[in-house]
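Reviewing the structure listed below.
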Amino acid sequence: MADSGKKFPMGLIVGMIVFGLLLAGGVSYFIATKIVAEKSTGAAASGPGVLVKLGDAKDGLLVNIGGVNSGRYLKIGIILEMQAAGAEQATDGKSPSATEVKVLDTVVQLLRSQKIEDFDPGKQDQLKEIIKNELNKTLGAERVYQVYITHFILQ
């Protein structure tokens, strides 16, 4: 009767190990989801943007710049990454939405008010930032996330 020492049954030991692993997994899952949720609140506020092309589907915008008598034209393709609520489409397909009209008006006025020197290739990032800031001012919120220039011809 030397085996009369206190022995735990094997099932009890395995059960305690499984319980401990489940408890550790549950706690780590809770902590990980809490941290991810806190980090994503800023990104969730902006959400994924929708891409909106300005002007003609093929050619983009064609604007005379430098005044009426300058004879200088800018052909530019601009795509905006906007908040989904700010990019509503026209209901009947014939007339543009109010947001689209505001966006086009703001961009055309901004491009026409720029000097020829402002269209230097080195200032393209500055031009995109100006367009983004003016549109956000016009629309009343941070609805434009990014401005992409797809083509740029100055004549």
Contacts under 9 angstrom Cβ, first residue in segment 9-32 being surrounded by 10 or more Cβ atoms within 10 Å (Cβ to Cβ), partner at pLDDT below 85, 6 or more apart: 16/8
Every residue from segment 126-155 that is touching a residue at least 24 places away in the same chain (Cβ under 8 Å) and among the acidic types (Asp, Glu): 134, 142
Count - residues of segment 112-155 that are acidic (Asp, Glu) and assigned to a loop (DSSP other than H, G, I, E, B): 2
Complete set of residues in segment 76-93 that are surrounded by fewer than 16 Cβ atoms within 10 Å (Cβ to Cβ) and at pLDDT 85 or above: 79
First in segment 109-125 and in the same structural domain as residue 62 (by TED's automatic domain parsing), second anywhere and surrounded by 10 or more Cβ atoms within 10 Å (Cβ to Cβ) and part of a helix (DSSP H, G or I), Cβ under 6 Å, 6 or more apart: 110/134
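The values are calculated or read from the model by the stated rules, or taken from the named source; none is laboratory data. If you're wondering where the values come from, they're calculated on a predicted model, not measured in any experiment. Backbone-built Cβ (ideal geometry, glycine too); neighbour counts: all protein chains shown.
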